[in-house]
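Read-outs throughout are calculated quantities, based only on the coordinates presented, and are distinct from any laboratory measurement. None of these values were measured; they are calculated from a predicted model. Because the Cβ atoms are built from the backbone with ideal geometry, glycine has one as well, and the counts that use them run over all protein chains shown.
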Amino acid sequence: MIPWSLLDKAQIPGGGGELRLMQRGAEFSIRLGQTELMNSRLSGSEEALATLSCARIRTRERPRILIGGLGMGFTLRAALAAVVAEAEIIVAELAPAVVAWARGPMAELFQSSLTDPRVSILESDVGPLIRSGRSTYDAILLDVDNGPEGLSRKANDGLYDMEGLKAARAALRPGGVLAVWSSGPDRSFAQRLRKAGFGVDEVRVRANGARGGARHVIWIATHTDPTDNDVCS
């Protein structure tokens, strides 16, 4: 078997440990300590994060989508395939090294997604973008850390607590969607979403789509507003 080789490593801004980019043949892995955060062979649940969300806003003419976390670009590429030419997709990635890896050793994996005219890549924490938005986005997609119970950065908890969820709801247009990826279930998080004013669907998806793999969870939380006529089904 081909051994793994270390391509690069970088500290997570604001603390939280060291990210390592590993390669074995055509396969890439991003790891935090001994924990694998993502692998280029396993894309199904990250793609589902985008396709499930974009299906809810498919009737909108110029949707504006905020993606928290670039990762290996699976969510971004799936979103680009699902939205219209007039869409705008903003990707906030906290770690500059992850963006550099996407443009460098993993460029073939990302294909043309980073240069698509619909896409803006910001080396930024997604939290301030959410908190500063008021009815700004049609969808907010969060693939940050390992889900609501984060591993890499304590500050990520602010995205998933009650204050963070209310900020996300305020940043969405009526009928908009907050979609959250997680490596596993979290009953208390679903309850917080409902208390924050969202209608919630919890979807179990396979890490590698139809080919199986571990079961991940995606919460599709809809900003319900009885006065809004564009709530997607």
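To the nearest 20 debye, what charge dipole does the stretch 41-223 have about its Cα centre, counting +1 at the Cβ of each Lys and Arg and -1 at the Cβ of each Asp and Glu? Show your work: numbers first, answer last.
Working: 24 positive and 20 negative charges, 103 e Å.
So the magnitude is around 500 debye.
Looking at the calculated P(r) for the stretch 1-94, what percent of the C-alpha pair distances fall above 21 Å? Tail fraction, whole percent: 43. Averaging Cα coordinates gives a centre for the stretch 57-124 and one for the stretch 2-55; these two points are 16 Å apart.
Over the C-alpha trace of the stretch 88-159, radius of gyration and Dmax come out as 13.3, 37 angstrom. On the principal axes of its alpha-carbon atoms, the stretch 50-138 has extents of 37, 27, 21 Å, going from largest to smallest. When you restrict to C-alpha pairs under 8 Å that are six or more residues apart and normalise by the size of the chain, the relative contact order lands at 19 percent.
Normalised radius of gyration (Cα atoms, divided by 2.2 N^0.38 Å) for the stretch 41-223: 0.94. Pick out which of Gly25, Gly104, Gly73 has the largest mean-square fluctuation in a Gaussian network model of the chain, springs linking Cα atoms closer than 10 Å. Top of the fluctuation ranking is Gly25.
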